[in-house]
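Read the structure below first, then the notes.
The values are calculated or read from the model by the stated rules, or taken from the named source; none is laboratory data. Owing to the predicted nature of the structure, the values given are computational and were not obtained by experimental measurement. Heads up, the Cβs are rebuilt from the backbone with ideal geometry, glycines too, and the neighbour counts pull from every protein chain shown. Only protein heavy atoms, including side chains, enter the accessible area calculation; ligands, DNA and RNA are left aside. Shrake-Rupley method; radii C 1.70, N 1.55, O 1.52, S 1.80 Å.
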Amino acid sequence: MIRVLTGLVSLLCLVLGALGLSACSPLALFDAIGPRDQGGRQAAQDLPFAEGPRGGLDVYVPVKPVEHAPVLVFFYGGSWQSGQKGDYAFVGQALAAQGFVTVVPDYRLYPEAPFPGFLEDGARAIAWVRDNIATYGGDPRRIVLAGHSAGAYNALMLALDPRYLRGAGVDPRTIRAVAGLSGPYDFLPFDHETAIRVFGDAPDKAATQPVTFVGPNAPPAFLASGEADTVVRPRNTRSLAERLRRAHVPVQERIYPGLDHSDTLLALSVTFRSKAPVLAEMAAFLKGQAIGRQQVTIRQR
C-alpha cells in the first residue's frame, strides 16, 4: 500500500509539473498534502547556523510545552546530492508531537561539498542547537541525533567520530543517543557510483565508515532498516549493531518485515504510521536515553 500511494503521489507530481503548475518532488508534494501531527508545530524557519543558502535550519516544538524537553536533530537523506529541509515538515511535527524540540537543518551537497563537507555542516548545526535551543524550550543537555538514509550516515558519523563535533567546538559527550533509519554504515569497497563520487577522494577510505569509529564511549543507538530494502541493504544496520554490541554500547536493532528503503521514513508520517511502529520505538528509545543517561555540563557561549 505504501508503494502504491507513493507511486500515485509521484504521478500527480509529474502531471502538475507537465502542466506548469508545480516543480515539486514527490516527497515535497507528499509533505504538502499529507496530514500532520497536531501535537507538534513549526516554531521557527530558516534560522542561520552557517553562511550560504544551505546554512539554515527549522525548529519544531510540542504544542503542549514539555519541561526540559529533549532535543532531536534530524538529518534527511538524498544520497548527499539532493534534499531540502522544507520537505520534511511532516517529520519535524511528528517528532515534536512525541515531546522533542526538533531541529531539521539543511547541509551542503555534492558536488559543492564532497566528504566531509556535509559532516562539518552537521556539526555546525549541532553547535547552534547547543547554544540556542533553550530559547525554544529544549534542554541542551539532552541532545539526540537521528536521520534517514544518507542522513542516518551523517547522524551516526557525527555521533561516533568525535573530530567533527570537536572541530565545531562541541563536546562529543553532548550527544546522548543516536538513531539511524536505513543508513549506510559499512560500505567498503566503494562499488556504487554515488559512493565513488562523494567519498572517492578521501585519503583514508576507512575513515569514511561509521563502523570504523565504534568504541565503548559511543552513544546508545537505535538502528532500523526495512527487510525489503534494496537501496541500502539491511546488512549495514546489522553490521553496525553488532560492532556496538561488541563494544558493550546499548543498541536496539530493528529490521521491519516488508518495508523498503523509503518506507522507514514514510512510517513516521500520519498516513503510513500503521505499517510499522518506527516512530513509537525510535522515540521511546531516544527519549529514554536522553533522560536517563548521566547529564554532562554544557558550557554556553
Percent RCO, i.e. relative contact order, over the chain, from Cα pairs under 8 Å lying at least 6 residues apart:
16
Take the Cβ-Cβ distance between residue 284 and residue 173 as r, set R0 to 30 Å, and report the resulting FRET efficiency rounded to the nearest 0.05.
0.85
Cα centroids of the stretch 74-97 and the stretch 32-55: how far apart, whole angstrom?
9
If every Lys and Arg gets +1 and every Asp and Glu gets -1 at its Cβ, then about the Cα centre the stretch 105-241 yields a dipole, in debye to the nearest 20, of 440
In nm, to one decimal, how far is the modelled label at residue 67 from the one at residue 82, with both set 7 Å along Cα→Cβ?
4.7
When ranked by the protection proxy of mean other Cβ atoms within 10 Å per residue, highest first, what sequence do the peptides 156-167, 273-284, 38-49 form?
156-167, 273-284, 38-49
Based on the Cβ-Cβ distance of residue 42 and residue 217, what FRET efficiency does E = 1/(1 + (r/R0)^6) give at R0 = 35 Å, to the nearest 0.05?
0.50
Peptides ranked, highest mean first, by Cβ atoms within 10 Å: ranges 237-250, 102-115
102-115, 237-250
Counting only protein heavy atoms with a 1.4 Å probe and every protein chain in place, the carbon and sulfur fraction of the accessible surface of the chain in whole percent equals 53
